[in-house]
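Below is one structure, written out as structure tokens; comments come after it.
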Amino acid sequence: MNSAIQEALDKLKQHGFKHTKIRQELIELFADECRYLSAKHVQKKLETKNPSLSFDTIYRNLYSFVDIGILEMTELNNEKLFQITCLHDDHHHHHFICQRCGKTTQLEMCPMDFFEEQLENYRLLSHRFEIFGICDQCLALESE
């Protein structure tokens, strides 16, 4: 079992959640995919092994995972997307997110210095910065 999966399972335990087969499969799916996924995509991936798994159960678990820091959530075209949190990256960063496949690429630069200069008489409490586009792999498929 890889360390990201084990850390996520430990977080579940620390927050009083039971370790269930479904929760472990959800975590393993996100650790394997390393990209943003919709709840619909998650359901499709898990339904062969778990045909009675409801969409409500998936959604409830995804939101619980976001609340305790296992998953990150964003929104694209009015759809919530989820990705495993960058557990080993304690440094501040942002993401480029491919609109076709959900692949994410870390961006090491943060534009907040610019905005802090523009808003010097304001108190900025938090921020979120994501860039959406088409990744190199999807572009290569386009040109074939």
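The values are calculated or read from the model by the stated rules, or taken from the named source; none is laboratory data. Predicted, not measured: the structure shown is a model, and the values here were computed from it. All Cβ positions, even for glycine, are placed from backbone atoms using ideal geometry, and neighbour counts span all protein chains on display. Accessible surface areas use protein heavy atoms only, side chains included; no ligands, DNA or RNA. Shrake-Rupley method; radii C 1.70, N 1.55, O 1.52, S 1.80 Å.
Observations on the structure shown:
- Sparse-neighbourhood loop sites, trypsin sites (Lys or Arg not before Pro) in the stretch 30-106 - DSSP loop, at most 16 other Cβ within 10 angstrom: K49, R100
- Farthest positive-ward along the chain dipole, Cα basis, beta-carbon charges - from L124, L26, L141: L26
- Each Cα pair under 8 Å and six or more residues apart adds its sequence gap; the mean of these over the residue count of the chain is a relative contact order of 20 percent.
- Most positive-pole-ward Cα, L37, I68, Q14, against dipole of the stretch 11-90 from beta carbon charges: Q14
- Cross-link partners for K11 among the lysines, with Cα-Cα distance under 23 Å and sequence neighbours closer than 8 places in the same chain left out: K21, K80.
- The chain, dipole about Cα centre (Lys/Arg Cβ +1, Asp/Glu Cβ -1), debye to the nearest 20: 920
- Within the set (i) 17.1, 55; (ii) 14.2, 42; (iii) 16.2, 48, the number that Rg and Dmax of the Cα atoms in Å takes when calculated for this structure is listed as (i).
- Its relative contact order, with pairs defined as Cα atoms under 8 Å and 6+ residues apart, puts the stretch 6-70 at 34 percent.
- Calculated accessible area for the stretch 62-144 comes out at 68 Å² per residue, all protein chains present (probe 1.4 Å; ligands, DNA, RNA ignored).
- Pairs spanning more than 23 Å between alpha-carbon atoms, out of K13/K45; K49/K103; K13/K103; K45/K103: K13/K45; K49/K103; K13/K103.
- Between I134 and S54, the simple label model (points 7 Å from Cα in the Cβ direction) yields a spacing of 4.0 nm.
- Computed about its Cα centre, the charge dipole of the stretch 12-84 is approximately 260 debye, with only Lys, Arg, Asp and Glu carrying charge at their Cβ.
- Under 5 Å, built H, 5+ apart or other chain: amide partners of L81: T74, E75, L76
- Note on the chain: with neighbouring protein chains present and a 1.4 Å probe, carbon and sulfur make up 50 percent of its accessible heavy-atom surface.
- Short-range pairs are left out: with C-alpha atoms under 8 Å and at least six residues apart, the relative contact order of the stretch 67-144 is 26 percent.
- Rounded to whole Hz, the Karplus (6.51, -1.76, 1.60) HN-Hα couplings of the stretch 127-144, x for glycine and proline: 7, 8, 9, 9, 10, 10, x, 10, 6, 4, 5, 5, 5, 5, 5, 4, 7, 6
- Ranked by how many other beta carbons lie within 10 Å on average, peptides 106-115, 70-79, 19-28 from highest: 19-28, 70-79, 106-115
- Given R0 = 25 Å, the distance between the Cβ atoms of D32 and M112 translates into a calculated FRET efficiency of 0.20.
- The label point for M73 and the one for S3, both projected 7 Å from the Cα toward the Cβ, are 2.9 nm apart.
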